[in-house]
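Structure first, then comments.
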Amino acid sequence: MSEQQPPKSPTSRRAFLKAGLTAGGAAAFAPSALAGALGGGDPANQPPNIPEWTRSLGDGVAVRAYGKPSKHEAHVIRRDVEWLTASRESSVSFTPIHELDGIITPNGLGFERHHSGIAEVDPADYRLILHGLVDKPLIFTLDDLKRLPRVNRAHFCECAANSGMEWRGAQLNGCQYTHGMVHCVMYTGVTLKTLLGEAGVKPNAKWLLLEGGDSAAMTRSLPLQKALDDVLIAYRMNGEMLYPEHGYPARAVIPGWEANMWVKWLRRIEVGDQPWHHREETSKYTDLLENGKARRFTFVMDAKSIITSPSPQAPVNHKSGLTVLSGIAWSGRGKIARVDVSLDGGRNWRTARIDGPVWDKALTRFYYEFDWDGRELLLQSRAMDETGYVQPGKAELRKIRGVNSIYHNNGIQTWYLHKNGEIENVEIS
Ligand code: MTE
Ligand code: CO
């Protein structure tokens, strides 16, 4: 084992922080910005006492053949809303985005949406059929897929119904519920272009049918152009094989497009010359407008952002001083170019600091550090993508789309920070 650095004393750490902040030019911080942030816990385990965990031997390696988070993090789980389709026929759970940082969603925490539960596919029996307007119909085994050239790509996956309950007004108190139908994972797989190249596509081909192997036999129509552009047939997530709930052993990854098209337990791809008719309950995903007309082919997920902390489930637990605001932004049209943050309900905007990778059609992490004076604030974030698109306010969005929609709500979210640090989901006009 290599030598460890001696732990820094609290004083030197604070001095270091202060120096760092001044050097970074963040003049907004008061010198004692961290004061009052200490506290809590059992003094018997704190310096100068020797804590319990230092006094005895711990578990050896054999106890945790597959690791999991500390027992103190047991509250960090996917959750569902009881009144919202938590049945085996149609269920949905939400990513605890208020408890996560960076841009990658851990494999056990990504939201799930199933139309007939999780299909438990035996990889030995797994087959992917590719047929229709092709020169050579093919059947791939999982090993076949793994023998083809691989690519690694991180993309967000957002259900078009994410934030759907908020169309008519502020509903749910927590970004896990208002915005948690999104995850971002590093996928490994083969491009659909490679598979289509193996089969040879006929000149009149224009659309593909993707079909799942669950009992819903979910199907979606996909334009051939998108299929050849950046679609993957993925079998790994964050290095591991896909988890059953996310489509083990293979699913479609349709970067930037609504998650309903990301067919899980993918068993069949048919090449055709027009879109297919689909059953309403699994795949229609049309947006109803005020005049009763519907938007069709709304595949792309528009730029969106959300402050994940502070947020209703992640309140501020100090009275004032240095406060970190953080969130995620994403766009189905490319990279995030900028994120702005407002503390006063959209009157004044400041540019947030983006940290970590900024990848195409992936979650992007932003931060805004400020010195909270303990007064009430109205927190908002606004994403901009590389095409110049700016995330709209909710009023702006309703003017165009009305309130009959469930899908594609990418309006700006407002959090009301109370003096006691609690946060409430509100709307301001
Ligand atoms: N694929 C199949 N075969 N069956 C399904 O029910 N649900 C779709 C899509 N793919 C679904 C499916 C919907 S509506 C969403 S939002 C995403 O899968 C959710 O993907 P996840 O469960 O990996 O988060
Ligand atoms: Co969905």
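The values are calculated or read from the model by the stated rules, or taken from the named source; none is laboratory data. Values in this document were obtained by computation on a predicted structure and should not be read as measured data. Cβ placement follows ideal geometry from the backbone for every residue including glycine, while neighbour counts extend to all protein chains displayed. With ligands, DNA and RNA removed, areas are computed over all heavy atoms of the protein, side chains included. Shrake-Rupley method; radii C 1.70, N 1.55, O 1.52, S 1.80 Å.
Some notes on this structure:
- So Ile129, is it among the hydrophobic types (A, V, I, L, M, F, W, C), over 21 Å from the mean Cα position of the chain (by Cα) and open to solvent by 50 Å² or more (accessible area, probe 1.4 Å): yes
- Criterion: aliphatic (A, V, I, L, M) and within 16 Å of ligand 2 (Cβ to nearest atom) - qualifying residue of Val185, Val201, Val190: Val185
- Condition met for Pro106 (over 20 Å from Met241 (Cα atoms), modelled with pLDDT of 95 or more and open to solvent by less than 60 Å² (accessible area, probe 1.4 Å)): no
- Residue check for Ile400: under 21 Å from Gly256 (Cβ atoms) and modelled with pLDDT under 95: yes
- Residue satisfying all of: in segment 204-216; away from ligand 2 (no atom under 16 Å from the Cβ) and of a type in the set (A, V, I, L, M, F, W, C); surrounded by the most Cβ atoms within 10 Å (Cβ to Cβ) among these: Leu208
- Selection status of Ala26, part of a loop (DSSP other than H, G, I, E, B), under 30 Å from Asp360 (Cα atoms) and modelled with pLDDT under 50: yes
- Check on Leu232, within 13 Å of ligand 1 (Cβ to nearest atom), open to solvent by less than 10 Å² (accessible area, probe 1.4 Å) and either under 13 Å from Arg267 (Cβ atoms) or modelled with pLDDT of 95 or more (or both): no
- Whenever a residue of segment 207-221 is assigned by TED's automatic domain parsing to the domain that holds Asp273 and assigned to a strand (DSSP E or B), its partners that are within 16 Å of ligand 2 (Cβ to nearest atom) and of a type in the set (Val, Ile, Thr), lying with C-beta atoms within less than 7 angstrom and at least six residues away or across chains, give the pairs Leu209/Thr219; Leu210/Thr219; Leu210/Val263; Glu211/Thr219; Glu211/Val263; Gly212/Val263; Arg220/Val263.
- Residue list for segment 130-183, filter: aromatic (Phe, Trp, Tyr) and out of contact with any Leu (no Cβ under 8 Å at 6 or more places or on another chain): Trp167, Tyr177
- From the options Ala170, Ala161, Ala199, residue that is within 15 Å of ligand 1 (Cβ to nearest atom) and out of contact with any helix residue (DSSP H, G or I) (no Cβ under 8 Å at 6 or more places or on another chain): Ala161
- Qualifying positions in segment 230-280 - within 16 Å of ligand 2 (Cβ to nearest atom), in contact with a Ser or Thr (Cβ under 9 Å, 6 or more places away or on another chain) and assigned to a loop (DSSP other than H, G, I, E, B): Gly256, Glu258, Val263, His278, Arg279
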